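Dumping the structure here so I can ask a few things about it.
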Amino acid sequence: MENIELYQKYKNGRHWDDHPTDYAERFASFLKVQNFDGLLVDIGCGKGRDVDIFQRNEFNVLGIDVSSQEINIAQRTYPFSRFQVDSAERLSFPENCVGAFCG
């Protein structure tokens, strides 16, 4: 049930600007322990705060959000990070291109 509610929240464009950074920081720590070195895609990245956390932890990260307004803010706020406007429902990456997704 929680996953459906979370999906609906992101689908409707209501992002969590004030959610704790603990989740991204813990996931980054987990990935480091696993020696992760692939592409990390943050789906529903909003204004890019978690993308910045992953990038500061030296991951190859791409932030994706359906809202061009959110992506514009993310690009201005974190100019050295990569972002793109796209929908999680339409993502298409070459096979074996992405190592991990988060959102």
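Bear in mind these aren't lab numbers, they're just calculated from the coordinates by the rules spelled out. Every value quoted in this text rests on a predicted model; they were computed, and no experiment measured them. When we count neighbours, we look across all protein chains shown, and the Cβ atoms used for this are built from the backbone with ideal geometry, even at glycine.
What FRET efficiency comes out for Glu58 versus Val85 if R0 is 22 angstrom and r is the Cβ-Cβ distance? Round to the nearest 0.05.
Computed FRET efficiency for Glu58 and Val85 comes out at 0.30.
Moving on. What shape does the stretch 22-102 take by its C-alpha gyration tensor, where a ≥ b ≥ c are the square roots of the eigenvalues and a/c under 1.5 counts as rounded, a/b above b/c as prolate, and the rest as oblate?
In terms of gyration-tensor shape, oblate.
Sort 44-54, 30-40, 73-83 for me by packing, meaning the mean count of neighbouring Cβ atoms within 10 Å per residue, highest on top.
44-54, 73-83, 30-40
Testing the spin-label approximation: label points 7 Å from Cα along Cα→Cβ at Asp37 and Tyr23. State their distance in nm.
Each label point lies 7 Å from its Cα, and together they span 2.9 nm.
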